[in-house]
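Where a number appears in this text, it was derived from the coordinates with a stated rule and is not lab data. Just so we're clear, the structure is a prediction, and the values are computed from it rather than from any experiment. When we count neighbours, we look across all protein chains shown, and the Cβ atoms used for this are built from the backbone with ideal geometry, even at glycine.
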């Protein structure tokens, strides 16, 4: 039987841990950091003026692409990176299930990027930011 992975994440950091047996310690599988998620939006944005995308055949037909907040875009990129790691782990049969502990709204972003197989492997979700807790505190809070 494969062990479940515990994923503790927020928009800038994610730890993937695995419990070895029922009485075993939590073992690190991966540790991901995305410092861009902590930067100011003005530091992430582009200084160039917006461009106009031509839509249609007419000379005066144009449309502006929708505005996306630079920090939101970085959160989305990190959610995709973490989701790929988890989806690959489930697909390679390295884990039996996923316990997702992530801050809101990052939990929703992360879940939206998981593969169908990884989504089915979710055992439990907890909408809290526990990224600063040690492994012993995680086990106590989550009753592992």
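What the table shows:
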quantity	calculated
Two-site FRET efficiency, residue 117 against residue 73, from Cβ-Cβ distance with R₀ of 30 Å, rounded to 0.05	0.65
Estimated distance in nm for a label pair at residue 32 and residue 142, the labels positioned 7 Å out from Cα along Cα-to-Cβ	1.5
Taking segment 100-144 and dividing mean pair separation by its residue count, relative contact order in percent (alpha carbons under 8 Å, at least six apart)	50
Cα-projected label distance for residue 124 with residue 88, points at 7 Å along beta-carbon direction, nm	2.8
Highest to lowest packing among 90-102, 118-130, 3-15, 23-35, scored as the average C-beta count within 10 Å	3-15, 90-102, 118-130, 23-35
